[in-house]
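Report on one structure; see the data block that follows.
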Amino acid sequence: MTLALVGILVTATLRAATPLLLAALGGIFSERSGVVNIALEGIMLVSSFVAVWANFVTGSWVVGILGGVVAGVLYSGLHAVASIRFKADQTVSGVALNLAAVGLTEFLLNRVWGQGGGSPAVNRVPDLFGLNLFVYVAFALALVAHWALFKTSWGLRLRAVGEHPLAADTVGVNVAKMRYWGVLLSGALAGLAGASLSIGLLSRFVHGMTAGKGFIALAAVIFGKWNPLGAIAATLLFGVSESLGTIFQTLGVTAIPTQFFGMAPYFLTMLALAGFVGRSTAPAASGVPYEKAH
Amino acid sequence: MHVAKESGLSKAIRDAVEAITVPVLATILGLIVGTVFILLAGKDPVQAYIAFAQAVAGTPRAFGETLVSTIPLIFTGLAVSLAFRSGLFNIGVEGQYLVAQIASVVVGYAIKMPATWPPFIAGMLHVTLAVSAGALAGAAWAGIVGLLKALRGVHEVINSIMLNYIALFLCGWLLNNYLRASSGQASSHAVQPTAALTQGLIEGSRLHTGLWIALAAALVVWVILWKTPAGYEIRSVGLAPGAAEYAGISVAKNTVLAMALSGALAGLAGAVQTLGVNRKFFETTAFVGYGFDGIAVALVGRNHPLGVILAALLFGALARGGPQMQAAAGVPKAVIYIVQGTVIFFVAAEGIWRFLKNRKLKAEVKSA
């Protein structure tokens with residue numbers, strides 16, 4: 001009985017953590033390069049739709065995943081151009097993209113399938129040893145991200161433009177180019193995250209299906225201290241919190257209200273930021289447009 | 001070059017024109033994008049816009065309903081713009097709005113005015129209490145963000161986002177455990193009649209006296225920001241925190257103050273909407289969006305109370321006209337979100353306008 005419960009908890013945790021981890025990795029690349037990306041939520045939503053659409057049209061989940069990633073890159077491209085080329089306020093640009101994503105997906109849902117609530121079912125990305133393929137991909141990508149950020153010269157340049165763009169510029173690093181890398185990669189990863197929701201966890205698009213997961217991923221970026229391995233730990237913790245809530249609710253345990261599990265990730269992140277649970281500090285130039293001196 | 005000395009008036013006019021150029025251009029671009037999407041939906045834009053105009057101001061009742069949609073946006077727009085003026089981004093209006101709704105419902109329901117009191121006095125007092133409770137709750141919720149920024153240096157955007165979601169879960173929990181009339185209901189107890197704002201300012205519409213509170217709030221914000229020492233300090237911190245600190249203005253104190261004032265305005269939005277329209281707290285798993293729209297209203301309104309009122313009217317009309325346009329002309333109301341997102345995007349990406357202006361200047365220099 002206990003063993004079975006632990007098994008359910010572990011599976012549920014991994015499932016819940018997967019989209020969060022993918023999106024958080026995206027957030028890390030963007031913020032490490034110096035661009036705040038609160039549009040993760042909107043990018044995920046657009047991608048979760050396009051993944052289903054591409055899958056529906058071609059009947060192939062591989063094309064579905066590709067569609068999600070391409071949509072993520074294109075949508076984050078708007079954020080990249082606004083933030084890097086036109087030096088927009090990055091938070092405002094993110095808010096605009098999140099809002100437009102809700103409208104865009106609702107509009108397309110209506111146009112493509114003529115219905116408001118959700119899409120028809122498509123075939124899911126298959127499972128491997130009882131876990132969805134996305135789970136393995138997410139954790140593998142976290143390790144790759146860690147290697148890329150901290151063990152390659154590309155990663156060093158990316159982090160340099162996020163910490164001190166002027167210094168990086170002085171030694172010949174192309175600040176704008178590295179930031180485009182950061183934001184577009186965040187789009188690709190948030191795109192994967194979106195696809196993992198709609199054709200991994202479920203097999204259809206549901207209106208507003210991200211339901212704040214992009215913001216929990218943002219919390220995981222911070223709680224994990226802008227570090228892919230930290231993000232693994234953070235998303236697992238948030239995943240446990242989510243699945244414990246569900247399990248307690250299913251079993252009818254009322255000692256801890258489900259809402260408290262729901263708020264735990266956000267509360268923990270606030271504590272972490274305030275320095276009560278290990279200090280976490282953002283890349284120094286994150287959120288600041290870089291004006292090249294002429 | 002000959003430079004004529006400008007009179008104060010013509011400078012004021014030029015400033016005003018400059019201030020509204022970007023919002024107006026962004027709005028036009030938003031409508032163009034909206035038109036494209038209406039065409040993509042295979043609908044006639046002219047018909048859609050006629051349906052839209054009808055829904056927004058076709059009858060006195062319709063205009064009253066447009067104002068109903070405008071009222072919360074005036075408050076949330078003011079909330080965001082006041083924070084902007086002190087250099088803070090209050091993206092947490094959604095959460096402050098929620099906790100204020102709960103606070104005003106609690107005070108509006110639990111306190112009972114003596115039946116022997118004249119209705120007018122009982123009403124004034126009860127409404128004042130319930131509205132104040134909402135404002136205080138919003139101020140406290142936002143004050144947490146201000147305090148954490150002032151004391152621990154934590155960026156306000158992240159904590160505001162976190163507190164939005166905490167508020168969402170907290171309010172759900174409070175509703176579930178303490179505020180429901182019975183367990184089957186999806187809403188709280190209704191407030192007492194004495195705590196409700198009177199509806200029907202325009203006959204047949206739900207337009208309520210919260211409109212006067214909203215306009216008064218805009219005036220008060222203007223007075224605070226531009227006619228009081230406290231407002232001068234808040235704006236100084238927003239323009240140049242380093243210089244303000246050097247001049248003896250406490251950045252920490254003003255950060256907390258500005259966040260709390262901004263939260264109080266967000267709280268007013270929640271309280272007035274509750275007492276004027278909903279009369280109770282409805283179960284929700286998502287944000288209503290007044291807070292996010294407030295960001296748009298503040299940006300388009302150039303963070304000035306008068307601009308905020310006009311921008312709130314624009315976004316109030318969009319909110320009111322969208323669903324009606326869907327019903328009357330078959331245009332998906334999602335187009336409205338796309339228009340809103342586009343307007344915000346183009347106001348945010350101000351660099352685009354500077355870029356276009358500079359290119360025009362360069363072209364003129366070349367041809368000269």
Of the listed residues (B:ALA83, B:ALA133), the one being surrounded by fewer than 24 Cβ atoms within 10 Å (Cβ to Cβ) and touching a residue at least 40 places away in the same chain (Cβ under 8 Å) is B:ALA133
If you go through B:VAL107, B:VAL127, the only one that is farther than 23 Å from B:ASN176 by Cα, surrounded by 20 or more Cβ atoms within 10 Å (Cβ to Cβ) and touching a Leu at 6+ places or on another chain (Cβ under 9 Å) is B:VAL127
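In segment B:321-336, how many residues are within 14 Å of A:THR105 (Cα to Cα) and either in contact (Cβ under 8 Å) with a residue 12 or more places away in the chain or aliphatic (A, V, I, L, M) (or both)?
First pass over segment B:321-336, keeping only residues within 14 Å of A:THR105 (Cα to Cα): B:332-336.
Add one more test, that the residue is either in contact (Cβ under 8 Å) with a residue 12 or more places away in the chain or aliphatic (A, V, I, L, M) (or both), and what stays is B:332, B:334-336.
Total meeting the criteria: 4.
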Across segment A:103-161, the tally of residues that are among the hydroxyl-bearing types (Ser, Thr, Tyr) and under 30 Å from B:PHE292 (Cβ atoms) stands at 2
Per the list (1) surrounded by fewer than 24 Cβ atoms within 10 Å (Cβ to Cβ); (2) within 20 Å of B:ASN176 (Cβ to Cβ); (3) away from chain A (no Cβ under 14 Å), residue check on B:ALA286 breaks on (3)
Across (1) at positive phi; (2) away from chain B (no Cβ under 13 Å), A:GLY212 clears everything bar (2)
Expected single match for at pLDDT below 85 and not small (Gly, Ala, Ser) among A:THR269, A:THR235 is A:THR269
A careful count of residues in segment B:145-174 that are within 27 Å of A:ALA284 (Cα to Cα) and of a type outside the set (Val, Ile, Thr) gives 16
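Has segment B:145-166 got at least one residue that is more than 14 Å from chain A (Cβ to nearest Cβ), part of a loop (DSSP other than H, G, I, E, B) and in contact with a helix residue (DSSP H, G or I) (Cβ under 6 Å, 6 or more places away or on another chain)? Spell out how you get there, then give the answer.
Within segment B:145-166, the subset more than 14 Å from chain A (Cβ to nearest Cβ) is none.
No, segment B:145-166 has no match at all.
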Within segment B:176-196, residues at the interface with another protein chain (Cβ under 10 Å from one of its Cβ atoms) and touching a helix residue (DSSP H, G or I) at 6+ places or on another chain (Cβ under 8 Å) come out as B:ASN176
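Quick grid of which residues meet (1) more than 20 Å from the chain's Cα centre (by Cα); (2) surrounded by fewer than 19 Cβ atoms within 10 Å (Cβ to Cβ); (3) among the β-branched types (Val, Ile, Thr); (4) farther than 24 Å from A:GLY26 by Cα:
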| site | (1), (2), (3), (4) |
| --- | --- |
| A:THR105 | no, no, yes, no |
| A:GLY130 | yes, yes, no, yes |
| A:GLY155 | no, yes, no, no |
| A:SER196 | no, no, no, no |
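Among A:ALA167, A:ALA190, which is the only one that is assigned to a helix (DSSP H, G or I) and over 22 Å from the mean Cα position of the chain (by Cα)? Before the answer, list the steps.
Details: A:ALA190 fails: over 22 Å from the mean Cα position of the chain (by Cα).
None of the others qualify; the one that does is A:ALA167.
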| query | Does at least one position in segment A:239-260 carry a residue that is within 12 Å of another protein chain (Cβ to nearest Cβ), crowded, with 21+ Cβ neighbours inside 10 Å, modelled with pLDDT of 85 or more and touching a helix residue (DSSP H, G or I) at 6+ places or on another chain (Cβ under 6 Å)? | reply | no
Scanning segment B:289-318 residue by residue, those surrounded by fewer than 24 Cβ atoms within 10 Å (Cβ to Cβ) and assigned to a loop (DSSP other than H, G, I, E, B) turn out to be B:GLY289, B:ARG302, B:ASN303, B:HIS304
Quiz item: Do we have any residue at all in segment B:185-201 that's within 30 Å of A:ASN98 (Cα to Cα), touching an Asp or Glu at 6+ places or on another chain (Cβ under 6 Å), in contact (Cβ under 8 Å) with a residue 24 or more places away in the chain and exposed (fewer than 14 other Cβ atoms within 10 Å of the Cβ)?
Solution: yes
Segment A:50-160: helices (runs of 4 or more DSSP H) wholly inside it with 2 or more residues that are within 14 Å of chain B (Cβ to nearest Cβ) and free of Cβ contacts under 8 Å to residues at least 40 places away in the same chain are A:90-113
Going through segment A:132-153 in order, the residues found to be aromatic (Phe, Trp, Tyr) and surrounded by 13 or more Cβ atoms within 10 Å (Cβ to Cβ) are A:PHE134, A:TYR136, A:PHE139, A:PHE150
Within segment B:297-343, residues at the interface with chain A (Cβ under 10 Å from one of its Cβ atoms) and closer than 13 Å to B:PRO72 by Cβ come out as none
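Considering only residues that are touching a residue at least 60 places away in the same chain (Cβ under 8 Å) and of a type in the set (S, T, N, Q), look in segment A:206-253 and name the one that is farthest from A:ALA190 (Cα to Cα). Walk me through it before giving the result.
Restricting attention to segment A:206-253, the residues satisfying the condition of being touching a residue at least 60 places away in the same chain (Cβ under 8 Å) are A:206-210, A:212-218, A:220-222, A:224, A:226-229, A:231-232, A:234-236, A:238-240, A:242-244, A:246-247.
Narrowing the set further to residues that are of a type in the set (S, T, N, Q) leaves A:210, A:227, A:235, A:243, A:246.
On the way: A:THR210: 11, A:ASN227: 16, A:THR235: 14, A:SER243: 22, A:THR246: 25 Å.
For segment A:206-253, the residue satisfying everything is A:THR246.
Assigned to a helix (DSSP H, G or I) and either more than 22 Å from the chain's Cα centre (by Cα) or within 14 Å of chain A (Cβ to nearest Cβ) (or both) - does that describe any residue in segment B:203-217?
Here is the first cut: in segment B:203-217, the residues assigned to a helix (DSSP H, G or I) are B:210-217.
Going one step further and asking which of them are either more than 22 Å from the chain's Cα centre (by Cα) or within 14 Å of chain A (Cβ to nearest Cβ) (or both), we end up with none.
No, segment B:203-217 contains no residue that is assigned to a helix (DSSP H, G or I) and either more than 22 Å from the chain's Cα centre (by Cα) or within 14 Å of chain A (Cβ to nearest Cβ) (or both).
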The number of residues in segment B:92-137 that are of a type outside the set (D, E, K, R), over 20 Å from B:TYR178 (Cα atoms) and within 23 Å of the chain's Cα centre (by Cα) is 9
Selection from segment A:62-77 of residues over 13 Å from A:SER196 (Cβ atoms) and of a type in the set (A, V, I, L, M, F, W, C) yields A:VAL62, A:VAL63, A:LEU66, A:VAL70, A:ALA71, A:VAL73, A:LEU74
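Of all the residues that make up segment A:222-235, how many are farther than 15 Å from A:LEU143 by Cα and part of a helix (DSSP H, G or I)? Let's see the steps before the verdict.
Just the residues of segment A:222-235 that are farther than 15 Å from A:LEU143 by Cα, to begin with: A:222-223, A:225.
Going one step further and asking which of them are part of a helix (DSSP H, G or I), we end up with A:222-223.
The qualifying residues number 2.
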Checked segment B:247-283 for anything outside any helix (DSSP H, G or I) and buried (at least 24 other Cβ atoms within 10 Å of the Cβ); matches are B:PHE281
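The values are calculated or read from the model by the stated rules, or taken from the named source; none is laboratory data. Bear in mind that the values here come from a model prediction, so they are computed numbers and not experimental data. So basically every Cβ, Gly included, is an ideal-geometry build from the backbone, and we count neighbours across all protein chains shown.
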